[in-house]
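The values are calculated or read from the model by the stated rules, or taken from the named source; none is laboratory data. Please read all numbers here as calculations on a predicted model, not as lab measurements. Heads up, the Cβs are rebuilt from the backbone with ideal geometry, glycines too, and the neighbour counts pull from every protein chain shown.
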């Protein structure tokens, strides 16, 4: 699905079906740093064929959406709100992964009337990024994508066992990041690094917020969610075992079902 | 800066794709000898059929044992995924039938496996797909042969049987400039000796029957996708970028991104063409992959020794192996395949066709058969077997003469192989 907004092409994946029911719940999915909407491939079709209007967005400069890449989480949140307005969406559930989770938080805080629930996957109150990783991403090449994928997947995925027969999660993760335009990953990592408003945003959100974490997540470890649990009265958390940061790939069925439950709260 | 802590090749060759299941703890990959899989519910069944959830339905589409092999090959090649097939030829056809329709065109190295040459020359034209063959050492030839309807550039890492080294970086650039992918048959090099993706190839195929298995007991093939080719930007691959009515209008590139080709090959190709790999054969190939690094090291060591012996033998006109300094691709091989340019070599024997026949008939240790990549040393006369369908002109263009003998150097004691060849060479000249 696509639309033109301010002369720019905006793209999202629908999961192959768009419900014609005007009351069908809308679920906005926001990807993480350097990725695009295809990272939700193991959930989007499942949700779409269960009556959910899926908007797995490609953020500006990612996937098939025109650039430029936005510089900070707040601008990205404003962009999401603008896209939903352009798409005539008045009520939705928003879920995001990693950087996308920060965007989801900020978006829900900025437009409280728009959302009925928020899903956070692999999220922490702060996501500091090591300067060397940012430098590697700025330099281009495979090092930064490989480091992100190494840290991003839990131990089981390093050996394999992809739920989709024949696919290799580690290779696909590296390739998705490598396929991004030069500089995209670096700018996203900087946006994550400097964003410090998650707890403030969370405190402003009154609708249910559900956090899904992996017990082997090295990037947003379970313990890093403690300040969020203290700040968000409506925040609940599920911790998935033997799971790293790439929860949608590592635990596709559990995530799909949780997102379906979340979408149905709309 | 720290380095990523991925498992290394030797570890992946043993472990990738498999974790012992919690129920049985089976350390070996189980052979899931089953045609089909129980659905949890009607909703679960419907979701599997509609690609809404990952999982197995029917072993023509996917099988847990085969999936381990597929994931292991993808890991070893550094791809996003793989689809295993009943043979290497099934793999080539699967990729081509997924990528193009009637009217499509392939630019291929002329030095390819005889079965591939036959498919391209005689079978695919019946379905409206044409191929232009070019000299694998002539990048300009590849460029000149590309047409608006070209959908694929194809070659082998090491030509068959000329052992030409494909200049992958240069050929890949030519293909990409034309908006088409480069598909490489990497059977002779295996992922241990070379990763074609690092040099710009987009799709890799293997006859797993050969070195990957190594035992000569199972036929298998696979396609591995790098996920790097931008199907949308190319605009020439509607099978991947436009809705597919056969699967409820699915747009593979939009929904699966870098894994679009793998998903379409399985959803359409395995379903409709049905050239699936049996779980038993997948298991056999997996046993081979576990020792691939060890075997390839020995294969290459022996090949270098045998090539050097043949190069010095009075009964031999010429030897084709990139380890020989006079080989036209010696320097290129050192650049692209530094671990060693495989264990297949060919040589022209003095005395023409009769001498070749006598050599083949006098070897005792080496086996005369139509295969390569076995742990045992194999010999064959391509002009009368694997490449017999080729015309005299095509044979000449591919560098195959009547006196050419192809050798797949095994992992026996190198001295024993050389002694066997020495005896057979002497006998070949006695008339």
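Of all residues in region B:35-69, those being within 9 Å of another protein chain (Cβ to nearest Cβ), under 25 Å from residue A:255 (Cα atoms) and touching a residue at least 12 places away in the same chain (Cβ under 8 Å) number 10. Within region B:230-244, if we keep just the residues that are away from chain A (no Cβ under 11 Å) and in contact with a strand residue (DSSP E or B) (Cβ under 8 Å, 6 or more places away or on another chain), the residue that is farthest from residue B:148 (Cα to Cα) turns out to be B:237.
Test residue B:88 against the stated conditions and say whether it is crowded, with 22+ Cβ neighbours inside 10 Å, more than 14 Å from chain A (Cβ to nearest Cβ) and in contact (Cβ under 8 Å) with a residue 60 or more places away in the chain. For residue B:88, the condition - crowded, with 22+ Cβ neighbours inside 10 Å, more than 14 Å from chain A (Cβ to nearest Cβ) and in contact (Cβ under 8 Å) with a residue 60 or more places away in the chain - is met. Considering region B:164-188, the residues that are touching a residue at least 40 places away in the same chain (Cβ under 8 Å), within 14 Å of residue B:205 (Cα to Cα) and assigned to a strand (DSSP E or B) include one that is nearest to the chain's Cα centre (by Cα), namely B:185. Quick check on region B:371-381. Is at least one of its residues at pLDDT below 95, surrounded by fewer than 20 Cβ atoms within 10 Å (Cβ to Cβ), closer than 25 Å to residue B:298 by Cβ and not assigned by TED's automatic domain parsing to the domain that holds residue B:214? Within region B:371-381 (the criterion being at pLDDT below 95, surrounded by fewer than 20 Cβ atoms within 10 Å (Cβ to Cβ), closer than 25 Å to residue B:298 by Cβ and not assigned by TED's automatic domain parsing to the domain that holds residue B:214), the answer is yes, since at least one residue qualifies. In summary, residue A:15 fulfils each of the numbered conditions (1) more than 10 Å from chain B (Cβ to nearest Cβ); (2) modelled with pLDDT under 95; (3) buried (at least 24 other Cβ atoms within 10 Å of the Cβ) with the single exception of condition (1).
Of all residues assigned to region B:255-265, none qualifies as being under 21 Å from residue B:85 (Cα atoms), facing chain A (nearest Cβ under 7 Å), touching a residue at least 40 places away in the same chain (Cβ under 8 Å) and not in a helix (DSSP H, G or I). Comparison of B:332, B:395 shows that the only residue that is buried (at least 17 other Cβ atoms within 10 Å of the Cβ) and modelled with pLDDT of 95 or more is B:332. Being surrounded by fewer than 21 Cβ atoms within 10 Å (Cβ to Cβ), modelled with pLDDT of 95 or more, within 19 Å of the chain's Cα centre (by Cα) and more than 7 Å from chain B (Cβ to nearest Cβ) is a condition met by at least one residue of region A:148-167. Scanning region B:316-331 turns up at least one residue that is under 18 Å from residue B:296 (Cα atoms) and in contact with a strand residue (DSSP E or B) (Cβ under 7 Å, 6 or more places away or on another chain). Every residue in region B:261-302 that is more than 21 Å from the chain's Cα centre (by Cα) and in the same structural domain as residue B:35 (by TED's automatic domain parsing), please. If the condition is that a residue be more than 21 Å from the chain's Cα centre (by Cα) and in the same structural domain as residue B:35 (by TED's automatic domain parsing), then B:267, B:268, B:271, B:272 are the ones that fit. Of all residues in region B:245-254, those being more than 22 Å from residue A:65 (Cα to Cα) and either in a helix (DSSP H, G or I) or more than 8 Å from every other protein chain (Cβ to nearest Cβ) (or both) number 3. Any chance region A:116-126 includes a residue that's touching a strand residue (DSSP E or B) at 6+ places or on another chain (Cβ under 9 Å), at pLDDT 95 or above and surrounded by fewer than 23 Cβ atoms within 10 Å (Cβ to Cβ)? Yes, there is a match, as at least one residue in region A:116-126 is touching a strand residue (DSSP E or B) at 6+ places or on another chain (Cβ under 9 Å), at pLDDT 95 or above and surrounded by fewer than 23 Cβ atoms within 10 Å (Cβ to Cβ). Of B:21, B:10, all but one fail to be more than 7 Å from chain A (Cβ to nearest Cβ) and either in contact with a helix residue (DSSP H, G or I) (Cβ under 6 Å, 6 or more places away or on another chain) or surrounded by 15 or more Cβ atoms within 10 Å (Cβ to Cβ) (or both); the exception is B:10.
The residues on offer are B:136, B:161, B:191, B:148, and the sole one that is in a helix (DSSP H, G or I) and either surrounded by 22 or more Cβ atoms within 10 Å (Cβ to Cβ) or modelled with pLDDT of 95 or more (or both) is B:191. Residue A:97 fulfils the conditions (1) surrounded by 22 or more Cβ atoms within 10 Å (Cβ to Cβ); (2) out of contact with any helix residue (DSSP H, G or I) (no Cβ under 9 Å at 6 or more places or on another chain) except for a single criterion, (2).
Here's the yes/no breakdown for (1) over 22 Å from residue A:158 (Cα atoms); (2) in a loop (DSSP other than H, G, I, E, B):
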residue: B:4; (1), (2): no, yes
residue: B:14; (1), (2): no, no
residue: B:18; (1), (2): no, yes
residue: B:25; (1), (2): no, yes
residue: B:61; (1), (2): yes, yes
residue: B:66; (1), (2): no, no
residue: B:75; (1), (2): no, no
residue: B:90; (1), (2): yes, no
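Could you say whether any residue in region A:77-97 is farther than 25 Å from residue A:23 by Cα and in a helix (DSSP H, G or I)? No, that holds for no residue.
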